[in-house]
Amino acid sequence: MSLRQAYIAAFYFLDFHYYVEAKNDDLLIDLLSSMNPFFWTDGRPLNSAAENDWAEAAKKITDGELLDVQQAFQVMREYVKFYKTEFGFNYEWVIADITKKTYKTPKWLECVTAAMESPPPSLECVRELWATQ
């Protein structure tokens, strides 16, 4: 998958944690708000640096432009770690939770599948899917 598709998959996955598992953790919403790939009509996130930060996290995992499912999962972990280290956000629980899971986690695979659709479904569509599960 492309870096962009992996970024969208990570956004879906972290959003799922926010709305379903984290019970609306205020710190995580800051990260999600800045990286939201559906905020602007051109598909760019609210924080223009977010995708650059994602690309930098990807460089720690691979030097290529394409990622496999496992690499994309690892990049997501590195991305959250970067925000914790660089900006001092308390994302310990998110990092610990991601570390406990693997790239074979069904929810991650669902997020990857959705992100690879062309175009990827809106966040609202993905949340509706989670609500029915």
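The values are calculated or read from the model by the stated rules, or taken from the named source; none is laboratory data. As the structure is a prediction and not an experimental result, all values here were calculated from the model. As a convention, Cβ positions derive from the backbone with ideal geometry for all residues, glycine included, and neighbour counts pool all protein chains shown.
Examine segment 5-17 for a residue that is of a type in the set (S, T, N, Q) and either touching a residue at least 60 places away in the same chain (Cβ under 8 Å) or assigned to a loop (DSSP other than H, G, I, E, B) (or both), and state whether such a residue exists. Write out each step before concluding.
Step one: list which residues in segment 5-17 are of a type in the set (S, T, N, Q), which gives 5.
Restricting the remaining residues to those that are either touching a residue at least 60 places away in the same chain (Cβ under 8 Å) or assigned to a loop (DSSP other than H, G, I, E, B) (or both) gives 5.
Yes, segment 5-17 contains a residue that is of a type in the set (S, T, N, Q) and either touching a residue at least 60 places away in the same chain (Cβ under 8 Å) or assigned to a loop (DSSP other than H, G, I, E, B) (or both).
Only residues that are part of a helix (DSSP H, G or I), at pLDDT below 85 and closer than 24 Å to Thr41 by Cβ: list them for segment 83-129, please.
Those that are part of a helix (DSSP H, G or I), at pLDDT below 85 and closer than 24 Å to Thr41 by Cβ: Leu123, Glu124, Cys125, Val126, Arg127, Glu128, Leu129.
Working only within segment 39-48, note down all residues that are surrounded by fewer than 17 Cβ atoms within 10 Å (Cβ to Cβ) and either of a type in the set (D, E, K, R) or closer than 16 Å to Ala10 by Cα (or both).
Passing the criteria: Phe39, Asp42, Gly43, Arg44, Leu46, Asn47.
Residues in segment 65-82: is at least one in a loop (DSSP other than H, G, I, E, B), among the aliphatic types (A, V, I, L, M) and either in contact with a helix residue (DSSP H, G or I) (Cβ under 9 Å, 6 or more places away or on another chain) or exposed (fewer than 14 other Cβ atoms within 10 Å of the Cβ) (or both)?
Just the residues of segment 65-82 that are in a loop (DSSP other than H, G, I, E, B), to begin with: 65, 67-68.
Then drop every residue that is not among the aliphatic types (A, V, I, L, M), which leaves 67.
Subsequent filtering for residues that are either in contact with a helix residue (DSSP H, G or I) (Cβ under 9 Å, 6 or more places away or on another chain) or exposed (fewer than 14 other Cβ atoms within 10 Å of the Cβ) (or both) retains 67.
Yes.
Just the residues that are touching a residue at least 12 places away in the same chain (Cβ under 8 Å) and not in a loop (DSSP other than H, G, I, E, B), please, taken from segment 50-64.
Ala50, Glu51, Asp53, Trp54, Ala55, Glu56, Ala57, Ala58
Mind checking which residues of segment 1-38 are of a type in the set (Gly, Ala, Ser), surrounded by fewer than 17 Cβ atoms within 10 Å (Cβ to Cβ) and within 15 Å of Phe73 (Cα to Cα)?
Answer for segment 1-38, where residues must be of a type in the set (Gly, Ala, Ser), surrounded by fewer than 17 Cβ atoms within 10 Å (Cβ to Cβ) and within 15 Å of Phe73 (Cα to Cα): just Ser2.
Suppose the filter is farther than 19 Å from Asn36 by Cα and not β-branched (Val, Ile, Thr); does Leu66 pass it?
So Leu66 passes the test.
In segment 87-100, which residue that is among the charged types (D, E, K, R) and without any contact (Cβ under 8 Å) to a residue 24 or more places away in the chain is surrounded by the fewest Cβ atoms within 10 Å (Cβ to Cβ)?
For segment 87-100, the residue satisfying everything is Lys100.
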